[in-house]
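**Student:** The following block contains the structure, expressed as structure tokens.
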Amino acid sequence: MKNILKMTPILLLLAALTCSCQNEINPDCEGDNAQQVELFYVDEFESTPCGLQNIEGNEKETNLVITTQADFEKFFTCSEQLHIDFDKYFILAGMYRHHQCAVFDSQQVVLCNNRIVYKVGLLEQICAALTNVSYFVVIDKQYENLPVVFDVKFSN
């Protein structure tokens with residue numbers, strides 16, 4: 001019985017470490033090992049300001065995979081109406097809540113190790129205001145059944 005009590009914390013620690021490493025980006029997902037994924041509707045999103053809505057909770061980071069027009073209408077708010085062809089494409093989207101001012105800097109989607117990696121770069125600004133930064137891309141439906149890893153980091 002004494003050995004079981006000693007082993008329990010060790011097993012719990014190993015389980016926690018195993019689970020925490022599942023979403024880490026593999027260092028092999030750089031350069032030639034990462035295939036760029038083509039982005040669609042880039043011009044439409046650049047010319048039409050959009051943001052995310054109906055994000056519940058106070059999570060620091062919320063990420064979504066949007067595959068239907070109904071979900072698009074539920075989670076997106078845009079200054080003009082956008083129509084995405086969900087028969088051909090789907091959306092990776094998210095919002096990062098930061099303790100001070102921050103802005104979107106860059107994004108990239110790559111195919112690596114049979115999964116989609118959505119890399120988002122944010123820049124921290126010098127001001128003291130809570131900030132929500134939204135990010136989203138539209139990619140080809142052929143990738144819809146692959147696991148998605150959101151890699152959101154500050155560039156500075």
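The values are calculated or read from the model by the stated rules, or taken from the named source; none is laboratory data. Only a predicted model underlies this, so the values are computations on that prediction, with no experimental measurement involved. Counting neighbours? That spans all protein chains shown, and the Cβs are built from the backbone with ideal geometry, glycine included. Side chains are part of the model used for accessible areas, which takes the heavy atoms of the whole protein and leaves out ligands, DNA and RNA. Shrake-Rupley method; radii C 1.70, N 1.55, O 1.52, S 1.80 Å.
**Student:** Among Thr18, Thr77, Thr8, which is the only one that is modelled with pLDDT of 90 or more and either of a type in the set (S, T, N, Q) or out of contact with any Gly (no Cβ under 6 Å at 6 or more places or on another chain) (or both)?
**Tutor:** Thr77
**Student:** Within segment 81-89, does at least one residue satisfy the condition of being within 18 Å of the chain's Cα centre (by Cα) and modelled with pLDDT of 95 or more?
**Tutor:** Checked against the condition, which is being within 18 Å of the chain's Cα centre (by Cα) and modelled with pLDDT of 95 or more, segment 81-89 yields at least one hit.
**Student:** Please state which one of Asp43, Asp28, Asp32 is open to solvent by less than 100 Å² (accessible area, probe 1.4 Å) and either of a type in the set (Asp, Glu) or at pLDDT below 90 (or both).
**Tutor:** Selected residue: Asp28, the only one of Asp43, Asp28, Asp32 that is open to solvent by less than 100 Å² (accessible area, probe 1.4 Å) and either of a type in the set (Asp, Glu) or at pLDDT below 90 (or both).
**Student:** Go through the residues of segment 148-155 one by one and say whether even a single one is surrounded by fewer than 16 Cβ atoms within 10 Å (Cβ to Cβ), assigned to a loop (DSSP other than H, G, I, E, B), in contact with a Gly (Cβ under 6 Å, 6 or more places away or on another chain) and modelled with pLDDT under 95.
**Tutor:** The answer is yes, given that some residue of segment 148-155 is surrounded by fewer than 16 Cβ atoms within 10 Å (Cβ to Cβ), assigned to a loop (DSSP other than H, G, I, E, B), in contact with a Gly (Cβ under 6 Å, 6 or more places away or on another chain) and modelled with pLDDT under 95.
**Student:** Would you confirm, using the coordinates I've provided, whether Thr131 is open to solvent by 30 Å² or more (accessible area, probe 1.4 Å), among the β-branched types (Val, Ile, Thr) and either over 25 Å from Cys29 (Cα atoms) or in contact (Cβ under 8 Å) with a residue 40 or more places away in the chain (or both)?
**Tutor:** Considered against the rule, which asks whether it is open to solvent by 30 Å² or more (accessible area, probe 1.4 Å), among the β-branched types (Val, Ile, Thr) and either over 25 Å from Cys29 (Cα atoms) or in contact (Cβ under 8 Å) with a residue 40 or more places away in the chain (or both), Thr131 comes out as no.
**Student:** Have a look at Tyr135, Tyr143, Tyr96, Tyr118 and point out the one that is in contact with a Ser or Thr (Cβ under 9 Å, 6 or more places away or on another chain) and within 23 Å of Val37 (Cα to Cα).
**Tutor:** Tyr96
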